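Structure first, commentary second.
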Amino acid sequence: MSASPILITGGAQRLGRHCAERLAEDGHPVIVSYRRERPELEALRRRGIVTLPADFSSEAAIFDFIARLKGATSSLRAIVHNAGDWAPDSQGDEAGVAFERLFRVHMQAPYLINLHCRELLEACAEPQRDIVHMTDYVVQKGSKQHAAYAATKAGLANLTLSFAAMYAPRIQVNAIAPALIMLGESDDDAYAEKARAKSVMEMVPGPGVIYQSLRYLLDNRYVTGITLPVDGGRHLR
């Protein structure tokens, strides 16, 4: 437990929300960023979780978020870069705009937040301070329909190595690379069966496995610069 909060970007839903709730249950102060207002945020606020709107669509908006974050806390125990946009590739004139949006969310925002919030991490009184990047299994193999997504997540994976070297030994920087962890509301039984067949574990495990992985990184003082795969053994297929 730490008096300094843990920041989770994109923490209003799915994996980010689950991790925020579990951390709060474990007694950690938590701050989450969110892109738009949604009913789930009220439940987080009732738990005492601080919610900050964040627009990562431009450099100016990223710096605005950093300024408001510094107004909300004087220190951070950890930063978990979970914000993402699972957008398929666009065609024609829209392709460049779509790629730029993914670049800003997956690479520029984490890069700038890491640089400009280092002082918040170093102000934490705890002996361990962490940055965790949520990347993706797809980084290993690319994607025929989500090339921009895969490329920008690969960039985030590379930033893990750079910041781990840059910030050692005071701040540990690691990544978690999930495959499919949760089904979407519109996913049918056929899709679920196809998803399960992609891994040797033949399951859709749910968000608890990501929290277990995050806890491992937050609790281990001797791990930095690694990517922890959480993919059910897809590489064995």
| query | How many of the residues making up region 195-210 are surrounded by fewer than 14 Cβ atoms within 10 Å (Cβ to Cβ) and under 18 Å from residue 14 (Cβ atoms)? | reply | 3
| Residue count, region 1-57 (criterion: buried (at least 17 other Cβ atoms within 10 Å of the Cβ), part of a helix (DSSP H, G or I) and in contact with a Ser or Thr (Cβ under 9 Å, 6 or more places away or on another chain)) | 3
| Only one of 208, 225 is touching a strand residue (DSSP E or B) at 6+ places or on another chain (Cβ under 9 Å) and of a type in the set (Gly, Ala, Ser); which? | 225
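Pick out the one residue from 214, 159, 218 that is in contact with a Cys (Cβ under 9 Å, 6 or more places away or on another chain) and more than 13 Å from residue 137 (Cβ to Cβ).
214
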| said: Just to verify a result, which residue in region 203-218, among those that are in contact with a Lys or Arg (Cβ under 8 Å, 6 or more places away or on another chain) and not in a helix (DSSP H, G or I), is nearest to residue 171 (Cα to Cα)? | reply: 207
| query | Is it fair to say residue 179 is at negative phi, touching a residue at least 12 places away in the same chain (Cβ under 8 Å) and surrounded by 15 or more Cβ atoms within 10 Å (Cβ to Cβ)? | reply | yes
| said: Give all pairs with beta carbons closer than 8 Å in which a residue from region 10-33 that is on the phi > 0 side of the Ramachandran plot meets a residue that is in a helix (DSSP H, G or I); count only pairs at least 6 apart in sequence or on separate chains. | reply: 10/16
| request: Report the residue count in region 162-193 for those that are in a helix (DSSP H, G or I) and closer than 20 Å to residue 139 by Cα. | output: 3
| message | Which of the numbered conditions does residue 144 fail, given that it passes all the others? Conditions: (1) surrounded by 14 or more Cβ atoms within 10 Å (Cβ to Cβ); (2) of a type in the set (Lys, Arg); (3) part of a loop (DSSP other than H, G, I, E, B). | response | (1)
| request: Name the residue, out of 129, 118, 170, that is crowded, with 22+ Cβ neighbours inside 10 Å and either more than 25 Å from residue 75 (Cα to Cα) or out of contact with any His (no Cβ under 9 Å at 6 or more places or on another chain) (or both). | output: 129
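Read-outs throughout are calculated quantities, based only on the coordinates presented, and are distinct from any laboratory measurement. Note that the coordinates shown come from a computational prediction; the quantities given were computed from them, not determined experimentally. Here Cβ is always computed from backbone atoms with ideal geometry, including for glycine, and neighbour counts include all displayed protein chains.
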